[in-house]
Amino acid sequence: MKKHVAIAMAGLLAVAGLSSCGSDDGGSLVIWHDKTDAVVEVLRKAIEEKLPGEKVEFVKRDSMTDQLKLVGNDPSSCPDMYIFAHDKIGLFATIGILEQLDGLVDPSSYEESVPLALDAMEYQGVNYGVPLYYETTLFLYNRDLVGDKDPSLPSLPKTSEELYSYMKEYTDGRRYGFVEQHSTPYYASAWINGWGGKILHDDGTPGLNDQAVVDSIEYHRKFVDYMPRTSADYATVNTLFLEESADMVIGGPWMIPSALEAGIDIGVAPMPTLPNGKPLSPYSGVQGIQALKIKCRDPERRARIKAVMECFVDPEVQGELALVSGCAPALLDAYEVDGVRDNAIVKAIEEQAATAIPMPSRPEMDIMWSELGYLLTDVNMNGAGVRETADKYQEEALRLIAQMQ
Amino acid sequence: MKKKEGFRRFEREARPWLFASLSLLTILLVVVFPIGHTVYLSFTNMGIYNYYDYSLIGFGNYLDAFSLGSASFLRSLGITILWTALNMALQLVIAYVLAVLLNSPHLRLRKLYKALLMIPWAMPGYVSILLWKNGMFNGQFGYLSKIFSLLGVDVDFLSNDIMAFLSCTVVNLWLALPFMIMIIDGALQSVNRELFESAELDGCNAIKKHLFVAIPSIVPIVSPAVLITLFTTFKQFDIVNLMTISPVGTGAHIETVIVYAYQQAFITGNYGYSGAVATLIFLLVVLSTVFFDPSFRKKGAKHGSR
Amino acid sequence: MAAARTWEGEIARRKAIEKAKTVSKSVFLNAFFIVIAFLTLLPIIYAFGISFGESNSLLSSSLSLFPERWTLENYISLFEDYDILTWFGNTLLLAVSTVVLVLAISIPAAYAFSRFRFHMRGATIRFLIILNAFPSVLSLYSVYTLVRELGLSNSIGGLLLVYVGTMAIFGLYNLKGYFDTIPYEIEEAARMDGCSTFGVIMKILLPLARPALAVTGVMVLIYVWNEYIFAVTFISNPDFYTLASGLYGLQAQESTGSWPVFFAASLVVSAPILLVFMLAQRHMVSGLSAGGVKE
């Protein structure tokens, strides 16, 4: 019996012991990201060239926000740095896991960046990250189906009303004139922002039932009638576009590589203008690199983290990042790098950024994303009345925000 | 002599605990401690504003559950009760009918059918759920959506609350029926055949035969399994979570109370409040276990051989 | 003579009717079960078809379950673009270790609760029943806290501990139920011959309890294979991904989301466990309904 117990105990300990090491070998710095291999390759190369001998491990994470919330204060699990869109900075700063940038990285190295990108890295007056590049959603179209490539094709809609007539005319069971993730807040916000609505005000109060928000959702709803009403997830929109079943889509630059690979002759156009004369204004996301506080305690490690972050503040690196990711670089000098200035996608995003609005990074935004999502699905998919539904979720958002504090 | 007697008594009492020690210690560590810790958190203000420096705040979170968050909390509780009742009823009826038919003497290939019907049980649950979500219900490529659209009907399987609830029920039945069929089938085979025959001689018709002979005689055999299924159904988290919320949300708003508590912790970051909801669920589970489980009623009932 | 003939004829006629009834019943039943089995397997068949089809076959509105042109490209992409073999190895390591450890700690415990009568025995069993009814996802954060405090976060060891602990109650309970059905007299005889308790368990009880051991093992194996929420939440290092967390990620990734590859992965993930299950199915009824579900 004792032998039995001993064997079991030894087994438990052995397996536990065996596998607990290896996750953190102390030596290399760990950077979490959710990027493509091409982006990582550029970053890796930059480190190899500028910091020879430095060991950095890039780890791709699927649900990084949830993970960081769990492990952000656990030195054995958390990364040294992470690269992610700026909109979670407020959350992580509030939780208290982020290291301030001032005192870590010399500001003169990155302050010559696009103002939008610099602003995004800041939360309540404190700087938390080095901006690398930024993205917005784009109005993409299939040049074989619409536009000026061939005179026989219908011309590209310039206003939302033209878009609506186009959808009415060309949408049938097999083909869609225009498709977007109409009930996903990140995408639908372009309509709300363009209309002048704000789902979260700067002071942290929700605005779901503001007149402008309600009006924009009401207006947007008629477009949904000509889109796949119930399945408007990324994979559906992407597949429809790749299969040439959608003439125009709103999608991120990350849609472009797969479309090119599928042989789509892809075009980028300005967002259509709304009846108020303003174009749809999508949210922009700034990809930056942030450092975790707990890993910056050790002065030696801190110095290494600083060096790695600074090595990405380089026009060449950021220019190349922009090209492989289909985004626009943060550093102003990066636009002078060969091939960046005249790159169509970089140019489109840069232009789009003039009307785009950086995603709010306040922690309340998490609640707003989900409440706006409910509001949109109730209205777009289930035919609920905009006003009363907006009131309902506004009230719920207020309650949840109160509960948060 | 007396001392030795005392030692032997001690040994008799201690030996079983020694035998069970590893198992009980693991359970204590992995199951009991987290529950205790969750209860502790429910009395704190842990949330994103007090993530690492939370403090005890008394019953505030419980008051919130019944006042501030009451609409969502009570709604999710209602959905859970409806979910459990509907699924249990459908499961028992369908499983009974299929098991009886499987036992028909006219069915030669019963082993083959039984094996095929068991397959959903063996599939990894999350895989099955995602297969249903993406393969059957997806509005564009889902097979069911294709069938319905050929019939000229556009059905929202997952975005509308009622349809999503029913779709989730279908998936749950798909996942859970094999176990129930197997249990009822096993029980039917152990029922005394003579009971059926004597009922036949008395001229009972088929339905009466089932109601008054077969069912009463299998109830004692299947009731432990039914009880387990009742709790599994109540506890079911994966179906609603994967079908309507993560990784890709579909817009339906049918959180059961378990999903609600999970979301409060991991989406909204209100760990204290989530802990309070979890504790309330735990109390509910304790009460219903004491109420439903026979081993809590037969006081001092002794089983086993010694 | 004539009377006898009609009597025989009557029997033949009745037999024929009886036979016709049997045949029609059998035809009806078989048809019914073929439909039921088809409906049951539909999601799997559909996934099978998609996984072997070209990516554009998804959108075709035809109801055909099989692709027009068969291709292996989705499976190739699965093995080339994703670390599915690593996921598979991790899952296998976890599953086997969990099964071994759960059996190792549950056998002596089940023996104690089955064979000894002692203070607090009944109370402990009832306490375990209540614990088992608690949905572990509700204490997820606290489980994580525990794993972190033990220094096992982000490791296979951490997941292993959680899986063993979660299945320990089931193991104990299922085995105890089966041990209860084995008469004590068999043990006594062995004891007379001078066998120790350890010897009795190893030589007498375990061979007799083989169906219960097999079913307990298979159920634990299925649990580990199927578990995704701990695997997704606790493991942040792709080297330690299990099949569940890998597949979950496959669906979640915006930039790479490809349904045909996802369907291919689903089938690859399910195949081994399906095989184990089929092999163990024979014992399922005796090992489960005789065991775990009975107090």
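The values are calculated or read from the model by the stated rules, or taken from the named source; none is laboratory data. Bear in mind that the values here come from a model prediction, so they are computed numbers and not experimental data. Cβ atoms come from the backbone with ideal geometry, glycine included; neighbour counts cover every protein chain shown.
Miscellaneous remarks
- The stretch A:219-244 residues that are within 14 Å of residue B:134 (Cβ to Cβ) and free of Cβ contacts under 8 Å to residues at least 12 places away in the same chain, paired with ones that are among the hydroxyl-bearing types (Ser, Thr, Tyr) and part of a helix (DSSP H, G or I) (beta carbon under 9 Å, 6 or more apart): A:231/B:145; A:239/C:55
- Filter result for residue C:173 (more than 7 Å from chain B (Cβ to nearest Cβ), farther than 21 Å from residue A:75 by Cα and hydroxyl-bearing (Ser, Thr, Tyr)): yes
- Those helices (runs of 4 or more DSSP H) of the stretch A:306-405 in which 1 or more residues are more than 29 Å from residue B:156 (Cβ to Cβ) occupy A:315-325, A:344-353, A:386-404.
- Some residue of the stretch A:188-207 being farther than 16 Å from residue A:274 by Cα, crowded, with 19+ Cβ neighbours inside 10 Å and polar (S, T, N, Q): no
Condition check ((1) surrounded by fewer than 20 Cβ atoms within 10 Å (Cβ to Cβ); (2) among the charged types (D, E, K, R); (3) at pLDDT 80 or above; (4) closer than 21 Å to residue A:231 by Cβ) across all residues:
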position	(1), (2), (3), (4)
B:134	no, no, yes, yes
B:151	yes, no, yes, yes
B:157	no, no, yes, yes
B:168	no, no, yes, yes
B:180	no, no, yes, no
B:190	yes, no, no, no
B:196	yes, no, no, no
B:200	yes, yes, no, no
B:216	yes, no, yes, no
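- Residue ID - farthest from the other protein chains (Cβ to nearest Cβ), chosen from residues in the stretch A:80-118 that are among the hydroxyl-bearing types (Ser, Thr, Tyr) and within 20 Å of residue A:306 (Cα to Cα): A:108
- Count of residues meeting criterion [touching an Asp or Glu at 6+ places or on another chain (Cβ under 6 Å) and of a type in the set (A, V, I, L, M, F, W, C)] in the stretch A:301-336: 4
- Test: residue in the stretch A:37-55 that is surrounded by 21 or more Cβ atoms within 10 Å (Cβ to Cβ), at pLDDT 90 or above and not in a helix (DSSP H, G or I): no
- Selection of the stretch B:240-273 for residues being of a type in the set (Gly, Ala, Ser) and assigned to a loop (DSSP other than H, G, I, E, B) yields B:246, B:249, B:251, B:252, B:269.
- The stretch C:27-55: number of residues that are more than 16 Å from residue C:267 (Cα to Cα) and either at pLDDT 90 or above or surrounded by 15 or more Cβ atoms within 10 Å (Cβ to Cβ) (or both): 13
- Hits in the stretch B:63-79 - residues which are modelled with pLDDT under 85, in a helix (DSSP H, G or I) and among the hydroxyl-bearing types (Ser, Thr, Tyr): B:70, B:72
- Scanning the stretch B:19-58 for residues that are assigned to a strand (DSSP E or B) and more than 9 Å from every other protein chain (Cβ to nearest Cβ) returns B:44, B:50, B:56.
- Some residue of the stretch A:269-291 being under 25 Å from residue A:58 (Cα atoms) and in a loop (DSSP other than H, G, I, E, B): no
- Hits in the stretch A:371-405 - residues which are within 17 Å of residue A:191 (Cα to Cα) and touching a Pro at 6+ places or on another chain (Cβ under 9 Å): A:371, A:372, A:373, A:375, A:376
- Residue match in the stretch B:273-282 (condition: surrounded by fewer than 20 Cβ atoms within 10 Å (Cβ to Cβ) and more than 9 Å from every other protein chain (Cβ to nearest Cβ)): yes
- Selection from the stretch C:133-162 of residues that are facing chain B (nearest Cβ under 9 Å), part of a helix (DSSP H, G or I) and not aliphatic (A, V, I, L, M): C:136, C:139, C:141, C:142, C:144, C:145
- Only a single criterion out of (1) under 28 Å from the mean Cα position of the chain (by Cα); (2) part of a loop (DSSP other than H, G, I, E, B); (3) of a type in the set (Gly, Ala, Ser) is not satisfied by residue B:104, namely (1).
- Restricting attention to the stretch A:341-368 and to residues that are among the β-branched types (Val, Ile, Thr) and surrounded by fewer than 23 Cβ atoms within 10 Å (Cβ to Cβ), the residue that is nearest to residue A:399 (Cα to Cα) turns out to be A:357.
- Here residue A:227 meets the list (1) part of a helix (DSSP H, G or I); (2) over 25 Å from residue A:363 (Cβ atoms); (3) out of contact with any helix residue (DSSP H, G or I) (no Cβ under 7 Å at 6 or more places or on another chain) almost entirely, failing just condition (1).
Yes/no matrix, rows are residues, columns are (1) more than 24 Å from residue C:65 (Cβ to Cβ); (2) part of a loop (DSSP other than H, G, I, E, B); (3) more than 8 Å from every other protein chain (Cβ to nearest Cβ); (4) at pLDDT 90 or above:
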residue	(1), (2), (3), (4)
B:98	no, no, no, yes
B:108	yes, yes, no, no
B:127	no, no, no, no
B:141	no, yes, no, no
B:147	no, no, no, no
B:164	yes, no, yes, yes
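- Subset tally (residues that are out of contact with any helix residue (DSSP H, G or I) (no Cβ under 9 Å at 6 or more places or on another chain) and in contact (Cβ under 8 Å) with a residue 60 or more places away in the chain) for the stretch A:318-353: 3
- Single residue of the stretch C:233-256 satisfying the filter (within 9 Å of chain B (Cβ to nearest Cβ) and either over 15 Å from residue A:61 (Cα atoms) or under 20 Å from the mean Cα position of the chain (by Cα) (or both)) that is modelled with the lowest pLDDT: C:248
- When C:224, C:218 are screened for being under 30 Å from residue C:141 (Cβ atoms) and within 11 Å of chain B (Cβ to nearest Cβ), only C:224 passes.
- Within the stretch A:233-268, being in a helix (DSSP H, G or I) and farther than 24 Å from residue A:37 by Cβ holds for A:236, A:240.
- Evaluation of residue C:142 against (1) touching a Ser or Thr at 6+ places or on another chain (Cβ under 6 Å); (2) in contact (Cβ under 8 Å) with a residue 40 or more places away in the chain (one fails), failing number: (2)
- Among residues of the stretch B:210-254, those that are in contact (Cβ under 8 Å) with a residue 12 or more places away in the chain, within 14 Å of chain A (Cβ to nearest Cβ) and more than 27 Å from residue C:170 (Cβ to Cβ), counted: 7
- Number of the exception - residue A:255 against (1) out of contact with any Asp or Glu (no Cβ under 8 Å at 6 or more places or on another chain); (2) within 16 Å of residue A:136 (Cβ to Cβ); (3) modelled with pLDDT of 90 or more; (4) not basic (Lys, Arg): (3)
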